[in-house]
Amino acid sequence: MKFFKHAGLAIAALLACSSAQAILIDDYNVATASSVSDSSLDATATSAASVIDGTNIVMGGAAGWTRDITASLTAGADVIETIVCNGCQAAHVNAQNPATGIGEFIYSGSAVVFDGTGISFDYTLDIAGTILNFYLSNGDVLTTGPLAATLTGGSVNVSFGSGDYSAITSLTVEVVGTQAADFTIDNLRTVPTPASLLLLALGALGLGLRKKA
């Protein structure tokens, strides 16, 4: 009985630690919408501040963080637009046919710990091929590769690199779209350490407790 009591406490502690490792980078639940667009092929992005307000959680609720957005037309004679939407509580990078372009979400603030194994997000995309690049203050660059089209919603995990993620002070999410693609992102977050790995540690702990019993 003593073993099971200790094991139960260990499970609760380990699972609590696992849940705590995930951080919500941005849920895009804003009260005030913001947008920026670019219709000029001049190699210069347009930018704007995007207010963090209402129930919007950024970097797990850490104080002092800012979010800027940019849009840059790279091909085609139309418009690329980056939006943080208060109606759908999500963010978008949309290209009007035949435009192709890049949208960015740029975060900066005081140091935040990115525990876990990587970055995850939910998305919809009407035309396959959009790529997301994540530029972190520790020098690491993460990339998704071309995303599959989905109008019903998908989720993507991108693994962390070899850098130190214990004091992240900036993150740029670069959305590189394909021609006429409409992309939506939501619930940008870190990926917690898998509970299965923690349970392996629990097994080793259990064996040690049984030997003592």
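Any read-out appearing in this document is the output of simple, stated calculations on the displayed coordinates, not a laboratory observation. As the structure is a computational prediction, the values presented were derived from the model and not from experiment. A quick note on method: Cβ atoms are made from the backbone with ideal geometry, for glycine too, and the neighbour counts reach across all protein chains shown.
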query: Under 5 Å between amide H atoms, partner at least 5 residues away or on a different chain: which partners does residue 149 have, H built in plane at 1.01 Å?
result: 128, 129
- prompt: Tell me, what HN-Hα J-couplings in whole Hz come from the Karplus equation 6.51 cos²θ - 1.76 cosθ + 1.60 at θ = phi - 60° for each residue of segment 54-66, using x for Gly and Pro?
  reply: x, 9, 5, 9, 10, 6, x, x, 4, 6, x, 7, 10
task: With a cut-off of 15 Å, note down the residues of segment 70-100 whose backbone N falls inside the zone around a label point 7 Å from the Cα of residue 43 toward its beta carbon.
output: 73-75
- request: Enumerate the calculated ³J(HN,Hα) couplings along segment 78-84 in order (Karplus 6.51 cos²θ - 1.76 cosθ + 1.60, θ = phi - 60°), each rounded to whole Hz, writing x wherever the residue is Gly or Pro.
  value: 8, 10, 10, 9, 10, 9, 10
message: Through the Karplus equation 6.51 cos²θ - 1.76 cosθ + 1.60, θ set to phi - 60°, convert the phi angles of segment 34-39 into ³J(HN,Hα) values in whole Hz; use x for Gly and Pro.
response: 9, 7, 8, 9, 9, 10
